Amino acid sequence: MTEVSGYRGRLAPLLLSVLGLLVAQVASAKSGGVDYSWGAGALAKAHDYTVTMMLYVLYVCYAVGSIMAIISALLIYFKMQYHEGEVMKNIMTLLSAILFIIGASIVFPAFFGYRI
């Protein structure tokens, strides 16, 4: 019984090594299969699609930042009316929402080299 388990113990690493070499060979055989025949037309379509999506992302960021600013302003108003604490935390949240709106309007178009 000990000879069989000893034999399996030495065979398993050898089989795993061979399997690893075969997998690496298949992976290296699939590299370099890029088709460049589409040309500049496909590149122009990809650019237009990216710019369109960038505008949609920018509008979503505007909406999220605006909602955050409205909620923060209401929370600040209610906390000041009822003399609750943590007003400064909500003021900082409002300022960060405003900075987010400004940053999104500058960073997203600049990242893609596009001016709105």
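Any read-out appearing in this document is the output of simple, stated calculations on the displayed coordinates, not a laboratory observation. What you see is a predicted model, and the numbers here were worked out from it, not measured in a lab. Backbone-built Cβ (ideal geometry, glycine too); neighbour counts: all protein chains shown.
Some observations on this one:
- Set GLY113, GLY103: member being under 29 Å from ALA44 (Cα atoms) and outside any helix (DSSP H, G or I): GLY113
- Scanning the range 50-59 finds no residues that are more than 18 Å from PHE111 (Cα to Cα) and exposed (fewer than 14 other Cβ atoms within 10 Å of the Cβ).
- Filtering the range 103-116 to residues that are β-branched (Val, Ile, Thr), free of Cβ contacts under 8 Å to residues at least 60 places away in the same chain and more than 23 Å from SER72 (Cα to Cα) leaves only VAL107.
- Qualifying positions in the range 37-80 - among the small types (Gly, Ala, Ser) and assigned to a helix (DSSP H, G or I): ALA40, GLY41, ALA42, ALA44, ALA46, ALA63, GLY65, SER66, ALA69, SER72, ALA73
- Pair list, Cβ < 7 Å and 6+ apart or interchain, from the range 74-102 residues that are surrounded by 11 or more Cβ atoms within 10 Å (Cβ to Cβ) to residues that are not in a helix (DSSP H, G or I): LYS79/GLU86
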